[in-house]
Amino acid sequence: MSSKFWLDVMNSVYDVTPYLDEHPGGDDVVLAATGKDATDDFEDAGHSKSAKELMQNFCIGELDTSAPIIPELEIASKKETANYSRNLMDLTKQYWAVPVAIVGISVVAGLIYLRKK
Ligand code: HEM
């Protein structure tokens with residue numbers, strides 16, 4: 001079998017591919033529990049102590065629950081915030097003359113107005 005079926009029980013990941021055909025409860029129930037948190041499904045089936053011991057043979061690692069669900073999203077949003085503030089700084093540096101010109105024009109207009117009075 002070329003595809004892999006991973007089971008997540010209590011934040012441990014199990015590669016159940018080689019056990020599917022041997023599972024006494026059938027492969028369909030195990031397949032239905034792959035790709036998600038299968039802790040409840042596994043517990044509800046009332047597995048024996050020996051079944052739990054057998055399961056350890058298929059453990060391939062632990063889930064890092066502190067990691068973001070989609071790490072790429074977090075990286076992208078961090079980049080975006082950094083870019084946003086950098087863009088704002090660039091704009092301020094480039095267009096500092098605009099507010100200065102507005103203030104200057106207002107002062108000149110004010111002076112002309114006062115002189116006319
Ligand atoms: C690596 C993971 C698993 C292993 C090693 C495993 C092992 C076993 C074993 C040895 C039995 C025979 C009864 C016993 O000793 O408790 C069994 C029965 C059963 N298992 Fe699993 N199991 C696994 C995953 C699952 C999952 C994810 C489900 C999903 C619901 C499931 C559902 C069942 C059911 C319904 C039975 C009862 C079958 C019957 O009594 O007719 N198992 N399993």
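The values are calculated or read from the model by the stated rules, or taken from the named source; none is laboratory data. This is a predicted model, so every value here is computed, not measured. Methodologically, a virtual Cβ is constructed for each residue, glycine included, from the backbone with ideal geometry; neighbour enumeration extends over all protein chains shown.
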- request: Could you list, in sequence order, all residues of region 50-70 that are in a helix (DSSP H, G or I) and either among the acidic types (Asp, Glu) or modelled with pLDDT under 65 (or both)?
  value: GLU53
- prompt: In region 1-27, which residues are surrounded by 10 or more Cβ atoms within 10 Å (Cβ to Cβ), more than 8 Å from the ligand (Cβ to nearest atom) and not hydrophobic (A, V, I, L, M, F, W, C)?
  reply: LYS4, ASP8, ASN11, SER12, ASP15, THR17, PRO18, ASP27
